[in-house]
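Q: Submitted below is the structure of interest, expressed as structure tokens.
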Amino acid sequence: MIKIQVDMEKCQHYGQCVYEAPNVFKLNESDKLEYTATADDSELANVRAATDVCPMQAITIVD
Amino acid sequence: MIVGAAMGGLRTAESLRRFGFTGGITLVGAESHLPYNRPPLSKDFLAKGKSLADIAFPIRHEELQAEFILADPARSLDIDGSTLGLESGAKHNFDYLVAATGLRPKRFSFPNDLNQGRHVLRTYDDARSLRGAVAPERRVVIFGAGFIGLELAATLRTLGCTINIVAIEEIPLAGILGDTFGREIRRRHEREGVNFHLGLSIEDLIGTTRIEGVVLSDGTELHCDILIEAVGSIPNVDWLTGNGLDLSNGVLTDQTLRVMNELGTSSDRVFAVGDIARFPYVAQSLPARRVEHWNIPIESAKWVGRQICHQDKPGLIPDLQTGERFNPLPSFWSDQFSISILSYGEPKLANESPLVEGEISDEFIMSYRRDGELVGIAGIGMRRELNKLRGEIRL
Ligand SMILES: Cc1cc2nc3c(=O)[nH]c(=O)nc-3n(C[C@H](O)[C@H](O)[C@H](O)COP(=O)(O)OP(=O)(O)OC[C@H]3O[C@@H](n4cnc5c(N)ncnc54)[C@H](O)[C@@H]3O)c2cc1C
Ligand code: SF4
């Protein structure tokens with residue numbers, strides 16, 4: 001299991017993460033980010049990619 | 001050896017390790033800081049008093065096992081002799097070399113070439129010096145109406161400065177996002193009290209020891225305390241000279257990001273990533289181009305790490321096919337006041353740009369087509385719809 005944290009103070013809802021890890025991140029009806037706080041280990045590569053592409057550097061994978 | 005210790009360099013080192021590279025990795029950087037994120041420099045760093053620690057990239061040193069040589073820029077490269085020379089006189093040998101030295105701001109020279117009160121913005125040090133100079137009521141002239149000029153205008157206006165933007169072009173951002181988009185950006189800036197002097201250049205500076213004003217090409221004089229030059233950038237390729245490479249605009253690479261000489265032969269050991277890499281299109285028959293967007297260092301670094309691992313230990317990357325070509329989707333965002341622009345692809349290639357959804361005066365999406373084919377999309381707001389279209393872009 002991996003744990004994911006998004007700093008919602010930083011997040012600007014660009015949705016770049018959604019493209020990299022669609023099972024974890026999505027933009028809701030009002031264009032705001034929603035995400036699952038935990039994900040399967042198989043998502044690690046995708047979540048790491050999301051962490052890299054987030055313009056606000058808002059995503060952290062909690063060890 | 002990775003030359004350039006900023007985002008492109010760091011991501012290359014990370015990618016090398018992720019794909020299984022076990023050799024030594026050294027990053028050489030001109031700045032004295034470990035890699036940090038540049039985009040906040042024109043935004044929150046100035047507006048909200050952020051520190052270097054706030055914008056530094058997290059680095060997992062145990063995983064990365066990389067050596068950083070900082071504040072010692074590369075000065076010479078001999079590809080055939082496999083040596084890199086640094087300013088300090090140190091020489092380093094390499095098996096592979098990645099060029100990630102990015103850009104520096106263009107500077108003008110004026111007859112009355114004053115220095116005090118003049119700024120550019122590329123590095124943390126630049127931003128700190130600018131932050132030290134701004135205060136409410138300061139009169140600021142920004143030369144250039146590109147993204148950095150406009151973002152600075154918005155940030156400094158919010159901080160209470162008076163802003164005059166001077167730019168050669170008639171419509172800001174027109175060359176990048178088209179006339180309609182550009183006019184709307186101008187309207188929104190004017191609504192916030194930013195003044196534009198378009199179709200004009202700065203001819204000279206006024207002042208004796210420090211800048212007190214500028215003279216425009218139509219004779220207008222604007223008084224100011226601060227002048228910021230945001231008129232584009234120059235690729236840092238000087239250290240690559242003498243190897244027969246095509247350095248006419250950044251460094252020319254082939255489809256795999258291996259650098260190419262003027263005869264069109266690719267190097268087998270030298271790669272380029274990020275803002276300095278001029279790489280070919282895949283789907284468009286247009287000359288190779290550089291892309292100065294934040295996601296390009298990320299994508300190119302990932303790519304180069306994988307290529308090097310494959311070449312170093314054949315079989316390490318089983319899914320790498322011969323003939324694969326680097327074909328990233330450039331993506332760009334920009335925050336100015338409450339305006340948040342998001343763009344994918346290369347809208348500037350378009351010869352038509354219809355509105356797809358929304359209203360120009362509010363939230364909208366424009367699509368950019370070249371001979372009918374989608375080459376870019378850009379908009380303000382409407383993120384979900386915008387993100388849905390990005391998969392259809394062909395470059
Ligand atoms: C103020 C600002 C705001 C931005 N905002 C946005 C934005 O909102 N959205 C967006 O998409 N993009 C934005 N960008 C662009 C984005 O930051 C760049 O595309 C990105 O930084 C490029 O990374 P890079 O690693 O290729 O080059 P750089 O970040 O330029 O790094 C190159 C490094 O190499 C070093 N170097 C240079 N010469 C040598 C040498 N001879 N030897 C050793 N080291 C050397 C430099 O000092 C530098 O540290 C912004 C850029 C700036 C400056
Ligand atoms: S990429 Fe970053 S800023 Fe964008 S929605 Fe995801 S977390 Fe938020």
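Q: Does residue B:186 meet the test of being within 25 Å of residue B:293 (Cα to Cα) and either touching a helix residue (DSSP H, G or I) at 6+ places or on another chain (Cβ under 9 Å) or at pLDDT 95 or above (or both)?
A: Criteria met by residue B:186.
Q: Separate question: Counting just the residues of segment A:1-55 that are open to solvent by less than 70 Å² (accessible area, probe 1.4 Å) and among the acidic types (Asp, Glu), which one comes out nearest to ligand 1 (Cβ to nearest atom)?
A: Restricting to residues being open to solvent by less than 70 Å² (accessible area, probe 1.4 Å) and among the acidic types (Asp, Glu), the top hit is A:52.
Q: Just to be sure before I move on: is residue B:356 surrounded by fewer than 17 Cβ atoms within 10 Å (Cβ to Cβ), away from ligand 2 (no atom under 16 Å from the Cβ) and either more than 14 Å from chain A (Cβ to nearest Cβ) or among the basic types (Lys, Arg) (or both) in the structure I sent?
A: yes
Q: Here are B:54, B:78: which of them is out of contact with any Asp or Glu (no Cβ under 7 Å at 6 or more places or on another chain) and either more than 14 Å from chain A (Cβ to nearest Cβ) or farther than 25 Å from residue B:336 by Cα (or both)?
A: Selected residue: B:78, the only one of B:54, B:78 that is out of contact with any Asp or Glu (no Cβ under 7 Å at 6 or more places or on another chain) and either more than 14 Å from chain A (Cβ to nearest Cβ) or farther than 25 Å from residue B:336 by Cα (or both).
Q: Here's something else I'd like to know. I'd like to check something: does segment B:220-229 contain any residue that is open to solvent by 40 Å² or more (accessible area, probe 1.4 Å), at pLDDT 95 or above and outside any loop (DSSP other than H, G, I, E, B)?
A: Looking through segment B:220-229, at least one residue is open to solvent by 40 Å² or more (accessible area, probe 1.4 Å), at pLDDT 95 or above and outside any loop (DSSP other than H, G, I, E, B).
Q: Then there is this: Any residue in segment B:287-316 that's farther than 22 Å from residue B:38 by Cα: show its pairings with residues that are of a type in the set (Ser, Thr, Tyr) and open to solvent by 40 Å² or more (accessible area, probe 1.4 Å) at Cβ separation under 9 Å, as long as the two are six or more apart or on different chains.
A: Close Cβ pairs satisfying both conditions: B:312/B:22; B:313/B:22.
Q: Between a residue in segment A:12-31 that is within 9 Å of another protein chain (Cβ to nearest Cβ) and closer than 17 Å to residue A:45 by Cα and any residue that is among the β-branched types (Val, Ile, Thr) and within 16 Å of ligand 1 (Cβ to nearest atom), which pairs come within a Cβ distance under 9 Å, given they are 6 or more apart or on different chains?
A: A:16/A:53; A:19/A:53
Q: Of all residues in segment B:99-113, how many are touching a Ser or Thr at 6+ places or on another chain (Cβ under 8 Å) and either part of a loop (DSSP other than H, G, I, E, B) or free of Cβ contacts under 8 Å to residues at least 24 places away in the same chain (or both)?
A: Total meeting the criteria: 2.
Q: Going through A:57, A:5 one at a time, which residue ends up being at the interface with chain B (Cβ under 9 Å from one of its Cβ atoms) and under 26 Å from residue B:341 (Cα atoms)?
A: A:57
Q: Condition first: within 25 Å of residue B:270 (Cβ to Cβ) and more than 16 Å from ligand 2 (Cβ to nearest atom). Can you find one or more residues in segment B:42-57 that meet it?
A: No, that holds for no residue.
Q: Still on this structure: Taking into account only those residues within segment B:1-21 that are farther than 9 Å from residue B:66 by Cβ and away from every other protein chain (no Cβ under 13 Å), which is nearest to ligand 2 (Cβ to nearest atom)?
A: Among them, the one singled out is B:6.
Q: Can you pull out every residue in segment B:7-28 that is touching an Asp or Glu at 6+ places or on another chain (Cβ under 8 Å) and assigned to a loop (DSSP other than H, G, I, E, B)?
A: Result: B:21, B:23, B:24.
Q: So, one more: State whether the residues of segment B:260-279 include one that is buried (at least 18 other Cβ atoms within 10 Å of the Cβ), within 14 Å of chain A (Cβ to nearest Cβ) and under 25 Å from residue B:374 (Cβ atoms).
A: no
Q: Search segment B:27-41 for residues being closer than 21 Å to residue B:239 by Cβ and open to solvent by less than 20 Å² (accessible area, probe 1.4 Å), and hand back the single one that is farthest from ligand 2 (Cβ to nearest atom).
A: Going through the qualifying residues, I end up with B:28.
Q: Name the residues in segment B:325-352 that are crowded, with 20+ Cβ neighbours inside 10 Å and small (Gly, Ala, Ser), would you?
A: Hits for segment B:325-352 are B:331, B:334, B:343, B:345, B:350.
Q: Identify all residues within segment B:8-24 that are in contact (Cβ under 8 Å) with a residue 24 or more places away in the chain, surrounded by fewer than 22 Cβ atoms within 10 Å (Cβ to Cβ) and not basic (Lys, Arg); write none if there are none.
A: Once the filter is applied, which keeps residues that are in contact (Cβ under 8 Å) with a residue 24 or more places away in the chain, surrounded by fewer than 22 Cβ atoms within 10 Å (Cβ to Cβ) and not basic (Lys, Arg), segment B:8-24 yields B:19, B:20, B:21, B:23, B:24.
The values are calculated or read from the model by the stated rules, or taken from the named source; none is laboratory data. Everything quoted here is computed from the prediction, not taken from an experiment. Every residue, glycine as well, gets a Cβ built from its backbone with ideal geometry; the counts of neighbours run over all protein chains shown. Side chains are part of the model used for accessible areas, which takes the heavy atoms of the whole protein and leaves out ligands, DNA and RNA. Shrake-Rupley method; radii C 1.70, N 1.55, O 1.52, S 1.80 Å.
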